[in-house]
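Peer 1: First, the structure itself, so that you have it in front of you.
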Amino acid sequence: MHATLPLLQATNFPALRRHRLSTLQVNLGYRCNQTCVHCHVNAGPNRSEMMDADNIALISQVIAARGIETLDLTGGAPELHPAFRQVVRSARAQGVKVIDRCNLTIVFEPGQADLAPFLAEQRVEVVASLPCYSLKNVDRQRGKGSFDKSIAALQQFNALGYGQPDSGLVLNLVYNPQGPSLPPGQTALEADYKRELFAHFGIVFNELYALANMPIQRFGSTLISRGEFNRYMALLQASFRQDNLAGVMCRSLVSVDWQGHLYDCDFNQQLGLALPSPRMSARPHLRDLLRVDPADDGIRVADHCYGCTAGQGSSCGGALHD
Ligand code: SF4
Ligand code: SF4
């Protein structure tokens, strides 16, 4: 795989500073029931990297110390971590909103038959990637059979009340373009998804997040191989919108890897760009958040940040504008 970081570090992206920290996004480990071709952490059934008990215990301590409002759980498949349900219960008991970044097919894995009812009982928000509403495109990206399983899982979530009006059980979907282009307008695409998924499968959901692809990791490497990297970067830069800067997720979020190390966002985690806090350890760690409030600290920016500010903007909560 081609390294993208050397192509991104010389940047003229505007300097950013943090606001109040409200979201802790935690990667519980790389184990996953799937092996998607585009996976940015190469997750799979044989990966053994999982957050240990000491770091798991730190999550609730940091939530209390920093007044965290949202715990965003990711992986791999975060549900495969043996402590997943304990982490969810504990955060919900602290009054925190919990998001599960769910690959949908996980609900059909051994031992996960009661996963969807558990998430509903705990009122966990489910965010699921569904790159398209057509079988061909989804199976190409996520593996043969994954579209049918994803549809069956969405129907299971709907039957529990997820995505249904007034249930309060939130089911959001995520879309990324297949190639080096910006995503279409989120509102129009969401309307297409809603119409097609309901017409063909009776599926309802709350919101669609249409996100731009970041020129890093496997996607960035593919662009380099095809000689398209510079053109895509030029598109992101030409589509820069100043007003997106206020809403980029790194201003209110810290991303935590499976070993407890801290980053400004998941993309910086993938690039190995550690949180640049002058008041934390040399390699900032979850335990630093027990004593340090990162508000007002600088953020480590590079050229990939243009992926967050291009056009309608991208964040882990979807577009920043329409
Ligand atoms: S479901 Fe997600 S974490 Fe698992 S292999 Fe696919 S992209 Fe990676
Ligand atoms: S890539 Fe990360 S650090 Fe850069 S603007 Fe986006 S969220 Fe912030």
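The values are calculated or read from the model by the stated rules, or taken from the named source; none is laboratory data. Predicted model, so just to flag it, every value in this text is computed and none were measured. Backbone-built Cβ (ideal geometry, glycine too); neighbour counts: all protein chains shown.
Peer 1: I'm told A191 meets every condition in (1) outside any loop (DSSP other than H, G, I, E, B); (2) within 28 Å of V301 (Cβ to Cβ) except one. Can you identify the failing condition by its number?
Peer 2: Condition (2) is where A191 drops out.
Peer 1: Does N33 meet the test of being under 19 Å from the mean Cα position of the chain (by Cα), surrounded by 18 or more Cβ atoms within 10 Å (Cβ to Cβ), assigned to a loop (DSSP other than H, G, I, E, B) and more than 16 Å from ligand 2 (Cβ to nearest atom)?
Peer 2: Numbers: under 19 Å from the mean Cα position of the chain (by Cα): yes; surrounded by 18 or more Cβ atoms within 10 Å (Cβ to Cβ): yes; assigned to a loop (DSSP other than H, G, I, E, B): yes; more than 16 Å from ligand 2 (Cβ to nearest atom): yes.
So N33 passes the test.
Peer 1: Out of the residues in the range 17-30 that are surrounded by 20 or more Cβ atoms within 10 Å (Cβ to Cβ) and in a loop (DSSP other than H, G, I, E, B), which is nearest to ligand 2 (Cβ to nearest atom)?
Peer 2: So the residue we want is R18.
Peer 1: Hey, can you tell me all the residues within the range 161-174 that are at pLDDT 95 or above and either buried (at least 19 other Cβ atoms within 10 Å of the Cβ) or within 18 Å of Y209 (Cα to Cα) (or both)? Break it down into steps so the answer makes sense when it comes.
Peer 2: Quick first cut of the range 161-174, residues at pLDDT 95 or above only: 161-164, 167-173.
Scanning the range 161-174 gives Y162, G163, Q164, L169, V170, L171, N172, L173.
Quick grid of which residues meet (1) under 30 Å from R218 (Cβ atoms); (2) modelled with pLDDT of 95 or more; (3) of a type in the set (D, E):
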| site | (1), (2), (3) |
| --- | --- |
| V26 | yes, yes, no |
| E49 | yes, yes, yes |
| R66 | no, yes, no |
| D72 | yes, yes, yes |
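Peer 1: Is it fair to say P180 is in a loop (DSSP other than H, G, I, E, B) and either within 16 Å of ligand 1 (Cβ to nearest atom) or touching a Gly at 6+ places or on another chain (Cβ under 9 Å) (or both)? Outline the logic, then answer.
Peer 2: Details: in a loop (DSSP other than H, G, I, E, B): yes; either within 16 Å of ligand 1 (Cβ to nearest atom) or touching a Gly at 6+ places or on another chain (Cβ under 9 Å) (or both): no.
No; evaluated as a whole, the condition is false for this residue.
Peer 1: Considering only residues that are of a type in the set (G, A, S) and in a loop (DSSP other than H, G, I, E, B), which ones fall in the range 208-260? Steps first, answer last, please.
Peer 2: Restricting attention to the range 208-260, the residues satisfying the condition of being of a type in the set (G, A, S) are 210, 212, 220-221, 225, 227, 234, 238-239, 246-247, 252, 255, 260.
Correct list: A212, G227, S239, S252, G260.
Peer 1: Against the conditions (1) among the aromatic types (F, W, Y); (2) crowded, with 19+ Cβ neighbours inside 10 Å; (3) more than 20 Å from G317 (Cβ to Cβ), where does F118 fall short? Just the number, please.
Peer 2: Exception for F118: condition (2).
Peer 1: Being in a helix (DSSP H, G or I) and in contact (Cβ under 8 Å) with a residue 40 or more places away in the chain is the filter; apply it to the range 261-277 and report the residue that is farthest from ligand 1 (Cβ to nearest atom). Explain how you work it out, then say what you get.
Peer 2: We begin by selecting, within the range 261-277, every residue in a helix (DSSP H, G or I); these are 266-271.
Subsequent filtering for residues that are in contact (Cβ under 8 Å) with a residue 40 or more places away in the chain retains 266-267, 269-271.
On the way: D266: 12, F267: 15, Q269: 13, Q270: 12, L271: 17 Å.
Taking the candidates together, the pick is L271.
Peer 1: Restricting to the range 219-237, and then to whatever is without any contact (Cβ under 8 Å) to a residue 60 or more places away in the chain and aliphatic (A, V, I, L, M), can you tell me which residue is surrounded by the most Cβ atoms within 10 Å (Cβ to Cβ)? I'd like the intermediate steps shown before the answer.
Peer 2: Initial filter on the range 219-237 (without any contact (Cβ under 8 Å) to a residue 60 or more places away in the chain): 222-223, 226-228, 230-232, 234.
Remaining after also requiring aliphatic (A, V, I, L, M): 223, 234.
Numbers: L223: 23, A234: 11.
Across the range 219-237, the extreme among qualifying residues is L223.
Peer 1: What's the number of the only condition in (1) farther than 23 Å from P131 by Cβ; (2) within 16 Å of ligand 1 (Cβ to nearest atom) that L286 fails to meet?
Peer 2: For L286, the failing item is (2).
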